[in-house]
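A quick write-up on the structure given underneath.
The values are calculated or read from the model by the stated rules, or taken from the named source; none is laboratory data. All values reported here derive from a predicted model rather than from experimental measurement. Note that each Cβ is placed from the backbone with ideal geometry, even for glycine, and that neighbours are counted across all protein chains shown.
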Amino acid sequence: MNELYTLVAWGLRALECAVLILVVLNLKWRNIPVFSAYRFKSPADEELYSCFLTCLCLFTINILITHTIPYIFSLDVGVFELRRFYYSFLVSISATFCLLMFFFHSIKNCRFSFVARTCLFMSFVGTLTNLLQLILRGYFDVNILYSFYGPFIASQSIMDIAITMFFVLKFTSQRYRARVTA
């Protein structure tokens with residue numbers, strides 16, 4: 001089962017990379033600079049930039065998780081210490097994602113789009129789930145949620161990429177329709 005989760009994780013990273021590239025291309029087509037000062041001309045530009053920030057944070061955090069978890073599992077510690085460290089790491093990564101989102105949006109003075117709010121909400125739910133797993137499995141050795149945990153976290157990642165991909169494809173199709181009618 002772990003091989004399936006690993007395969008899903010790498011597939012999602014590839015999709016996240018493709019979505020991030022497509023968002024950057026959409027920003028380029030709208031003449032919105034990626035990292036320099038810019039005053040948004042329309043709410044759609046601001047929504048697209050918020051989507052870019054969300055994709056960038058998701059991609060960065062998920063790459064960090066994908067590369068760090070094998071090292072965590074290779075630690076030579078007891079089962080309970082490993083569980084505590086693993087779930088504590090996931091809780092801190094989710095909190096870091098939320099902080100990065102707030103930080104980047106405040107730097108660019110950009111409002112949160114629907115994509116950003118949804119990803120933040122799902123990250124908050126994931127953080128609570130990881131915290132619950134930390135308490136249940138790390139301290140009390142209760143595995144009541146264990147069979148639901150893996151599919152829940154995998155579906156959360158799939159929903160994150162699906163919602164970002166939907167909005168990026170929406171912006172791309174708007175760009176394509178504008179070019180065809182012009």
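At-a-glance table
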item	result
Per-region count, segment 131-169, residues more than 21 Å from Gly78 (Cα to Cα), out of contact with any Gly (no Cβ under 6 Å at 6 or more places or on another chain) and among the polar types (S, T, N, Q)	4
Residue match in segment 65-78 (condition: part of a helix (DSSP H, G or I), more than 14 Å from the chain's Cα centre (by Cα) and in contact (Cβ under 8 Å) with a residue 24 or more places away in the chain)	no
Segment 1-48, residues that are of a type in the set (Asp, Glu) and either modelled with pLDDT of 85 or more or outside any helix (DSSP H, G or I) (or both)	Glu16, Asp45, Glu46, Glu47
So Cys110, is it surrounded by 14 or more Cβ atoms within 10 Å (Cβ to Cβ) and in a loop (DSSP other than H, G, I, E, B)	yes
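Condition check ((1) buried (at least 17 other Cβ atoms within 10 Å of the Cβ); (2) modelled with pLDDT under 90; (3) under 11 Å from the mean Cα position of the chain (by Cα)) across all residues:
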position	(1), (2), (3)
Ala95	no, no, no
Thr118	yes, no, yes
Leu128	no, no, no
Arg137	yes, no, no
Gly150	no, yes, no
